[in-house]
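Note sheet for the following structure.
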């Protein structure tokens, strides 16, 4: 007996998660859908459902910054396909997502039928982009690719700390948010700097900004 396919929807907007769930169930009628509304929730979900067939990932969820979530997720779970579903619809952003390991990029403005068809294509092993974008090519710079590989080496907790650093939080504030000691955060920061090959938290934040994507003005997605 074949097990039902399992798809994770990661988006912080409940209405859009509902729309995506509708598109998913149209594409795969007996699918099991698991939802996450932040990167932390997504990490926990992926850990609990390591057999998931696909992740549908928003670029602008709490706890992530542009491509950082995609890069980290692919680094931690290289066998789990990820499709970016975002309101950031510039062709350059779409192509960079593929370069960073996404199996597709679906604009949030796409009709449900298009989203369903794209999901089916990816589940069958294809890489999906809108037709008008698929023919072009724009590679990621060597420096950005090197940084992405370093970012993927962080542990989940180190990644959370780095994202909080990019938000301007102090060590004591991060310690409070994560319910650990300030000394633990200092140790994480030291490890982050070493893994990223930088010498200060300011440099780490600047490096992380390489993978940023400006949020669309009309929709935070």
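If R0 equals 30 Å, the separation of the Cβ atoms of residue 112 and residue 79 corresponds to a calculated FRET efficiency of about 0.60.
What does a probe at residue 178 reach in the stretch 147-172, counting residues whose amide N is under 11 Å from the point 7 Å along Cα→Cβ? Within reach of a label on residue 178: 155-165, 171-172.
Radius of gyration over Kirkwood radius for the stretch 6-134, both on Cα atoms: the Rg/Rh ratio is 0.91.
For 32, 93, the sequence from fewest to most other C-beta atoms within 10 Å is 32, 93. Taking 208, 183, 23 as the candidate residues, the one with maximal mean-square fluctuation in a Gaussian network model of the chain, Cα springs under 10 Å, is 183. Eigenvalues of the alpha-carbon gyration tensor of the stretch 142-211, scaled by 5 and square-rooted, set the equivalent ellipsoid semi-axes at 21, 11, 10 angstrom, largest first.
Ranking of 127, 84 by neighbouring Cβ atoms within 10 Å, starting from the fewest: 127, 84.
Residues considered: 105, 16, 72. Largest GNM mean-square fluctuation over the chain, using C-alpha springs under 10 Å, is found at 16. The residues 68, 25, when put in order of fewest to most other Cβ atoms within 10 Å, stand as 25, 68.
All C-alpha to C-alpha distances of the stretch 69-158, sorted into 5 Å bins beginning at zero, yield P(r) values of 2, 14, 23, 24, 19, 11, 5, 1 percent in whole numbers.
Over the chain, the pair-distance histogram of Cα-Cα distances with 5 Å bins from zero comes to 1, 7, 15, 19, 20, 16, 11, 7, 4, 1, 0 percent, rounded to whole numbers.
Helix 14-27 and the longest principal axis of the C-alpha atoms of the chain enclose an angle of approximately 40°. Return the FRET efficiency for the residue pair residue 30, residue 203: r is the Cβ-Cβ distance, R0 is 41 Å, and the value is rounded to the nearest 0.05. Efficiency computed from Cβ-Cβ geometry: 0.25.
None of the figures in this text is laboratory data; all of them are computed from the coordinates on show. Treat the numbers as computed from the prediction; the structure is a model and nothing was measured. Every residue, glycine as well, gets a Cβ built from its backbone with ideal geometry; the counts of neighbours run over all protein chains shown.
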